[in-house]
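Chemist: My structure is below; once you've seen it, I'll send some questions.
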Amino acid sequence: MAGNNGEDLAYYQELIRKLMDGSITSSERQQLENWYNKGLEDPVHIPAAFVAGEEEQEKRLLEQIRNKAGLPAGRRVAMWSNRGWWAAAALVVIAGTAFLLYRGGGNGAKKGPAPIVQDVQAPRSNRATITLADGSQLVLDSMANGTTASQAHAQLVKLGGGQVAYKDAAPGPGTGEPVYNTLNNPRGSQVVTIALADGSRVWLNAGSSLTYPVVFNGKKRSVELKGEGYFEVAKHAGQQFVVTARGVQTEVLGTHFNINAYEEEADTKITLLEGAVQVQLPGAAQKGPHILRPGEQASVTAAGKLTTTRPELEQVTAWKQGDFYFSGADIETVMRQAARWYDLEVEYRGKVTGTLSGDVSRSVNASELFHMLELTGRVGFEIQGRKVIVIPK
């Protein structure tokens, strides 16, 4: 690392650039947070290496942000205002698991919008339902723990903490026509976890559904996903596991991967964390399957074009860990995630530009998330019942 203030400045400016374009590593981001928190403990630290001669102004800015965010006095906050080539504003809330940065130009900090009066709570319960083969529907929250239904030779068991499981009384590939159930996790509902009859586990994000057989027959274990799911597939030799989402098939024997296949998103994204998967495009869009390796993500357009990248895995699986995590995301992408989680209708009053990077706990109310976004000085919000209005600044 750098050895004097001038070299320190260049080093941390490079980390800020990486933060802005989403290429920063977890280790580098921790260095950046530590550097700014050191500046809060030692007021000379930030001005000496970053904005020399503006100690009092910087301290006032930090205090203004703390007041605007309604943060306790003991919570650490740091702020980058729009200066020079990097033109960025950032809010770091270490104790509150929030780290936000907005990049979109502008000349200096703007006056913050009026406080949001109305509010929408983060999901406090699980509103998931299971549709059985006969069309009857079970509401997860109203089900008592224990066995709730028997189909084919499998039992549906309600567990605690928004989890359900299928217990196969005769494990192993069976015969006959499969019996299907559908687990639907609506918008505004906590994440639900299901253990399938083969031992595989699936986490379903809000606004998602999974259709699956209660027991797996034949040489393929086939399920259909709408929305977003994280899969931990149990290995069964000779019985491939296949997930179909928006016409794209992901084929595995046993591995961990995430699929984002919301209809409102431009691309279907398959991200591999462990093992290997084959991605097969529908029809004649592409000859032969595409092999993914750990850390890779396949993005498939509606036209069937596939590209491979190596995303930040923490961002991909943040929803499963209970967080929002944005890395170079535009405001519309952020708002689509918020809309699904809080079950909101989003209205835009003009075009909002720029990108956002950061992480915020999904346990916060909608107003807290929107207040943090407002601190960028680039966007404001009004909540009207279940509608949120996004207002460019």
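The values are calculated or read from the model by the stated rules, or taken from the named source; none is laboratory data. Just so you know, these numbers come straight off a predicted model, no measurement behind them. A quick note on method: Cβ atoms are made from the backbone with ideal geometry, for glycine too, and the neighbour counts reach across all protein chains shown.
Chemist: With respect to the numbered conditions (1) assigned to a loop (DSSP other than H, G, I, E, B); (2) touching a residue at least 24 places away in the same chain (Cβ under 8 Å), which one is the sole condition not fulfilled by Ala303?
Modeler: The number of the failed condition is (2).
Chemist: So in the range 235-245, with the set limited to residues that are surrounded by fewer than 22 Cβ atoms within 10 Å (Cβ to Cβ) and modelled with pLDDT of 95 or more, which one is nearest to the chain's Cα centre (by Cα)?
Modeler: Thr244
Chemist: Go through the range 127-173 and give me each residue that's surrounded by 15 or more Cβ atoms within 10 Å (Cβ to Cβ) and among the polar types (S, T, N, Q).
Modeler: Within the range 127-173, Thr129, Thr131, Thr148, Gln151, Gln155, Gln163 qualify.
Chemist: Also, quick follow-up: Does Val215 satisfy the condition of being of a type in the set (Val, Ile, Thr), outside any strand (DSSP E or B) and over 30 Å from Val352 (Cα atoms)?
Modeler: yes
Chemist: Among Thr353, Thr317, Thr333, Thr308, which is buried (at least 16 other Cβ atoms within 10 Å of the Cβ) and β-branched (Val, Ile, Thr)?
Modeler: The conditions single out Thr317.
Chemist: Counting only residues that are part of a strand (DSSP E or B) and under 22 Å from the mean Cα position of the chain (by Cα), which one in the range 384-393 is surrounded by the most Cβ atoms within 10 Å (Cβ to Cβ)?
Modeler: Among those that are part of a strand (DSSP E or B) and under 22 Å from the mean Cα position of the chain (by Cα), it is Val388.
Chemist: May I ask you to say which residue of Gly229, Gly188 is at pLDDT 95 or above and either in a loop (DSSP other than H, G, I, E, B) or not assigned by TED's automatic domain parsing to the domain that holds Tyr262 (or both)?
Modeler: Gly188
Chemist: In the range 267-291, what count of residues is obtained for those that are in contact (Cβ under 8 Å) with a residue 24 or more places away in the chain and either among the hydrophobic types (A, V, I, L, M, F, W, C) or not assigned by TED's automatic domain parsing to the domain that holds Gly254 (or both)?
Modeler: Count: 7.
Chemist: Something else now. Just checking, does the range 205-221 include any residue being within 22 Å of Leu159 (Cα to Cα), among the hydrophobic types (A, V, I, L, M, F, W, C), surrounded by 21 or more Cβ atoms within 10 Å (Cβ to Cβ) and under 24 Å from the mean Cα position of the chain (by Cα)?
Modeler: Yes, that holds for at least one residue.
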